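Below is one structure; the comments refer to it alone.
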Amino acid sequence: MKGRTNPRQLLRIKFGICPDCGGDESAPGGLRCAKCRDEQNARHRKVYAMQRANGKPRRTPEKYKELAEEARAKRNDRTSRGQCIQCPNPVTRYRRCLRCRKADAECKRQYRNRQKRKAELKVAA
Ligand SMILES: [Zn+2]
Ligand SMILES: [Zn+2]
C-alpha cells in the first residue's frame, strides 16, 4: 500500500473499516472488505490478462535471472569500452565515473544518517 495519503482513508484503515467504500469491516488479513477486495482482484486479473495479451512475459525467477544476466553483460560491455557502468560518462581507473561515485557516496551518507537518527530515537524512547 504505497502513497496512501488521503486522511479519510487513513482513518478508515485505523478503525479497521474498508478504505474504499467505508462500509463493511475489513476482511481478516486485509485492508479492504471482502467485496472491495474481490473487485480489486478482478481489476488486477484484468491488467495481468492484458499484459499477457500484449506479450508481456510474467516475471518468473528465471526471467529475473535472465534480466540480471543482461544487466551484468551490459555493465561488462560498458567497462570494456571505458564507460561508467551507470551513465555514458567515460571512466579511467574506476568502473563508475566521479559523478556516479559521488552520488552513491551521498546516498550512503544519507542512509547512515537515517540509521543514526533511528538509533538515537530508540535510546531516547
Ligand atoms: Zn469495501
Ligand atoms: Zn557515471
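The values are calculated or read from the model by the stated rules, or taken from the named source; none is laboratory data. Quantities reported herein were computed from a predicted structural model and do not represent experimental measurements. For neighbour counting, all protein chains shown are included, and Cβ atoms are generated from backbone atoms with ideal geometry for every residue, glycine included.
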Subset of the range 38-59, residues under 22 Å from Lys14 (Cα atoms) and under 22 Å from the mean Cα position of the chain (by Cα), comes to Gln40
Residue match in the range 110-122 (condition: at pLDDT below 90, of a type in the set (Ser, Thr, Tyr), surrounded by 10 or more Cβ atoms within 10 Å (Cβ to Cβ) and under 19 Å from the mean Cα position of the chain (by Cα)): no
Sole exception among (1) within 23 Å of the chain's Cα centre (by Cα); (2) surrounded by 10 or more Cβ atoms within 10 Å (Cβ to Cβ); (3) away from ligand 2 (no atom under 16 Å from the Cβ); (4) not acidic (Asp, Glu) for Ala73, by number: (1)
Kindly list, by first and then second residue, each pair from a residue in the range 35-57 that is within 30 Å of Asp24 (Cα to Cα) to a residue that is surrounded by 11 or more Cβ atoms within 10 Å (Cβ to Cβ), limited to pairs with Cβ atoms under 6 Å and residues at least 6 apart or on different chains. Cys36/Cys18; Cys36/Asp20; Cys36/Cys21; Arg37/Ala27; Arg37/Gly30
Would you pick out the residues in the range 92-109 that are surrounded by fewer than 14 Cβ atoms within 10 Å (Cβ to Cβ), in a loop (DSSP other than H, G, I, E, B) and not hydroxyl-bearing (Ser, Thr, Tyr)? Arg93
Return only the number of the condition from (1) among the basic types (Lys, Arg); (2) within 25 Å of the chain's Cα centre (by Cα); (3) more than 30 Å from Arg12 (Cα to Cα) that Arg95 does not satisfy. (2)
Do you know which of the residues in the range 43-80 that are farther than 30 Å from Cys97 by Cα and of a type in the set (D, E, K, R) is nearest to ligand 1 (Cβ to nearest atom)? Arg43
Quick test for you: out of Gln40, Gln115, Gln86, pick the one residue that is within 30 Å of Gly22 (Cα to Cα) and either assigned to a helix (DSSP H, G or I) or away from ligand 1 (no atom under 16 Å from the Cβ) (or both). Gln40
